[in-house]
Structure formats: C-alpha cells, structure tokens
Amino acid sequence: MTTLTTPPRRKKFYLFGYPIAHSAAPALHNLCFANWLTEDVSPNTFELWSTSKVTDTMVEALSGDDFGGSAVTMPLKAEILSYLDDVSPESRATGACNTVVKVSTGTGHKLVGQNTDILGIRNALLRALRSQFPGIHISSEASYSPSSGSGGVVIGGGATTRSAVHALTLLGLSPLYLVNRDVTEVRAVQDSFPHLDIIHLKNPDDVEAHLAQQDSPRILMIVGAIPALAPVTSDERRVYSTVSTILTISYTKPAASSGLPIPKKRIFLEMAYKPRLTPMLQVAMAHGWHAVDGIQAMIEQGLAQQRMWYMSSSSLQVGSDPHIFSAELEKSVRELCEGMGDVVVDGEEVDRATGKESAVMPTCISTQFLGSDSGSR
C-alpha cells in the first residue's frame, strides 16, 4: 500500500493537445478533484489547453508555481518530452508521454513525463480478469510465469500499440504478435523493444503457422489499437481476416502455473470507443471472447493520472494503487464515464499555437529515446 501524503491544493491541471474540445477528461478529473478536499479549501481545477505545439506560453504554464500536472494528447505526446526535467522508463520505452507529474525533490520539484496509457491497458485487462475470478485476490503487480506458455496480440502499429506491447509485457505475456498491414510500422515497434520477441502476423497463413500448431503459445489477451472504421481496402480486410483467424483458434487453456490465473474466456480489449461497440469488438464478441470496450482503458488511465498527481509520484505502483482513493470515488468515476455520451462541441475549437513558433527546446533532456510518434494507433 502506498503511504499517503498531503495532496496538491489550489493547483491548475491541464490537457494539452489539439483538437481536444470533445474530451471527457475535464469531467473525470474535476469530479476527482472535488473529492480530494479534506478541509474548506478551493479545489484544484482541470482545464483544456488547445495547442498543436509546445509554445513559450505553454512552457511558462508548466513552470508556474500554480501548475499541478497535466494530461497530454496528440500531437504533443513525443514533443513534450524534451521540455520536461525527467522521463519515466515507460515513456522512454514507448517514446510517448500522456501525463506530466510534478514530483517533489526535497529542495523543490521536477516535472516527470509518464505514459499512463500503459496502465490504462494493463489495469483494464486485470479488471476483466478479476471479474472472471471474483473469489481470488489478483494483485496489480502480478504476471504470468514464463512456464505458462501464454502470449498476447496487438492490432496496430503506432503510439498506442507500443503502450499495449509494454502493458502485455508487464503481464508476463510472451511472445507477442502484431497484426498490421504496414511492415514499416511493425519494424518501428520491434526496434523500440529489441529485447522482446515480437512477431508480425501478416495474414491468416501466418496465424496458422505460428498459433494453430499443437506446441504454439496460447493467446490469452488481445489489444485492438486501430481506428474504429469498417474495412474498405483489401489491406484493411486482410487485417480483419487475420484477426478473425486468431479469434477462431480453439482455446486449450495452458496448464495452471504460479502468477495470474488463466482466463476462463480469453480477453479482447478494444482501445477505440467511438462507437463503444466497434466493428472489431463485434467480431471478438461473435467468437466468444470476453470483450472490453475502450472506455474502460480510458477510465483506468485517468485514475492512474489522478493517483500520481495526488501522491506527487510517477511510479507505476502508485498509478495502480487502489487504496489511494475510496471505492466510492472510483465507483462514481466509472459511472460518470460509462454513462457519458459524446461531448458536444459548440463552435470552432481555437488552436492557441496558431501563428506562434514552437518553444526553444532545452538541452537538459536527451532526445535519443524519442520514438517517431506519428499519432497512428
């Protein structure tokens, strides 16, 4: 359990990116901030900061005394890393930051970039697994043992794909398989994780060769990280036919081993959630998989951000600690997000970076780890 500390008070938190007017993040975070209060003080605030660049004005906000932390979305997930004091191992591995945490140092503070998309994916999968085993305590730190013969699949090739690869690795799934029509994108993911066994499944024949043999690894979890659009081109249809072949492989559960329990139904997490029931999620459900929509990953990553901001810590342990907030608050967050419709945008969203140059890039952080975050899933 994480030792509680005094949370930030009267601070400003932001979502940086563009376009973001449709985001549900302010509703989630301001609900949490209202429940942080332990005395009669003004709550923290969470605001949208629409910008397509890291500008001087944005850097000033980051360095202000009233800055508490931020969420970050496209197109700034890679760019912002160079303007921070430190970068977490997870952001280094994935080349992306979606969370800035203001961490106390004893003599002041530093701004640390973290990628809570990883926890959004991992914790959503663990929550689905817990629902299959309500009588078993499943730790957020638990993973499958190497002897379980358990693998995972990610559909995609961009920033979210790298987060999914990292999340499945934390769960102990290996080898990992990528389904993607673009060989270049797959190679970029493989190059980001040279220590991992990542295999490209290009078509149904590859699935038969790698996953349908008697001694093949058993796929326990799949993460979909492509846009929620029905396939149109032959390459797009090939992605669906490849995934469908994986979904139809009969499920022979691996032998029980130490670590996480083997799921009764294999789990398919779809990262896209507009619409909630995406074409890919419908295919997974039709084949009997335990389907998890992208709202669950969004909720989990938002709660991870809140825990890190509350504790002024960017660690994965803090981001997953269920004891930091009450069960009632987390239930309220889930009910809010699950019941929320699409945010209606009034008027045209204004990009605050229009006509402005990017801020001068500092030299305090090495940029050699930054990935080519094109924004694709």
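The values are calculated or read from the model by the stated rules, or taken from the named source; none is laboratory data. This one's a predicted model, so the numbers in the text were calculated from it and none came from an experiment. Note: ideal-geometry Cβ built from the backbone for every residue, glycine included; neighbour counts use all protein chains shown.
Figure legend. Inter-residue proximity from the range 155-169: first residues assigned by TED's automatic domain parsing to the domain that holds I267, second residues assigned to a strand (DSSP E or B) and among the small types (G, A, S), beta-carbon distance below 8 Å, spacing 6+ or different chains. Indicated pairs: I155/G224; G156/G224; L168/G152. Filter the range 228-274 down to the residues that are in a loop (DSSP other than H, G, I, E, B), without any contact (Cβ under 8 Å) to a residue 60 or more places away in the chain and surrounded by 13 or more Cβ atoms within 10 Å (Cβ to Cβ) and list them by number. Residues satisfying the conditions are A228, P231, I249, Y251, K253, R266, Y273. Summed over the range 119-157, residues that are under 21 Å from Y177 (Cα atoms), outside any helix (DSSP H, G or I) and among the polar types (S, T, N, Q) total 3. Of note, A96 satisfies the criterion of being of a type in the set (G, A, S) and within 20 Å of E300 (Cα to Cα). Please specify each residue of the range 181-211 satisfying the condition of being under 15 Å from D235 (Cα atoms), in a loop (DSSP other than H, G, I, E, B) and either at pLDDT 95 or above or hydrophobic (A, V, I, L, M, F, W, C) (or both). Hits for the range 181-211 are K202, N203.
Residue-by-condition table, conditions (1) in contact with a Gly (Cβ under 8 Å, 6 or more places away or on another chain); (2) closer than 30 Å to L168 by Cβ:
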{"site": "A27", "(1), (2)": "no, yes"}
{"site": "N44", "(1), (2)": "yes, no"}
{"site": "T57", "(1), (2)": "no, no"}
{"site": "A61", "(1), (2)": "no, no"}
{"site": "D65", "(1), (2)": "no, no"}
{"site": "G68", "(1), (2)": "no, no"}
{"site": "D85", "(1), (2)": "no, yes"}
{"site": "G106", "(1), (2)": "no, no"}
{"site": "H109", "(1), (2)": "no, no"}
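Would you mind finding the one in T57, T73, T45 that is surrounded by fewer than 19 Cβ atoms within 10 Å (Cβ to Cβ), more than 21 Å from the chain's Cα centre (by Cα) and within 18 Å of L303 (Cα to Cα)? Step by step, each of T57, T73, T45 is checked, and only T45 is surrounded by fewer than 19 Cβ atoms within 10 Å (Cβ to Cβ), more than 21 Å from the chain's Cα centre (by Cα) and within 18 Å of L303 (Cα to Cα). Is at least one residue of the range 296-307 at pLDDT 95 or above, within 21 Å of H166 (Cβ to Cβ) and not in a helix (DSSP H, G or I)? No, there is no match, as no residue in the range 296-307 is at pLDDT 95 or above, within 21 Å of H166 (Cβ to Cβ) and not in a helix (DSSP H, G or I). Just to check your reading of the model, which residue among F46, F67, F16 is within 23 Å of A304 (Cβ to Cβ), in contact (Cβ under 8 Å) with a residue 60 or more places away in the chain and of a type in the set (F, W, Y)? Unique residue meeting the criteria: F16.
The residues of the range 160-177 that are crowded, with 24+ Cβ neighbours inside 10 Å, in contact with a Lys or Arg (Cβ under 7 Å, 6 or more places away or on another chain) and either part of a loop (DSSP other than H, G, I, E, B) or of a type in the set (A, V, I, L, M) (or both) amount to a single one, A167.
So, N180, is that one buried (at least 17 other Cβ atoms within 10 Å of the Cβ) and of a type outside the set (V, I, T) or not? Against the criterion (buried (at least 17 other Cβ atoms within 10 Å of the Cβ) and of a type outside the set (V, I, T)), N180 qualifies.
Consider the range 118-142 and keep the residues that are surrounded by 20 or more Cβ atoms within 10 Å (Cβ to Cβ) and in contact with a strand residue (DSSP E or B) (Cβ under 9 Å, 6 or more places away or on another chain). The one that is nearest to L260 (Cα to Cα) is L129. Checking each residue in the range 321-365 for being in a helix (DSSP H, G or I) and among the polar types (S, T, N, Q) picks out only S332. State all residues of the range 231-247 that are in contact with a Leu (Cβ under 9 Å, 6 or more places away or on another chain) and among the polar types (S, T, N, Q); if no residue qualifies, say none. Hits for the range 231-247 are T242, T245.
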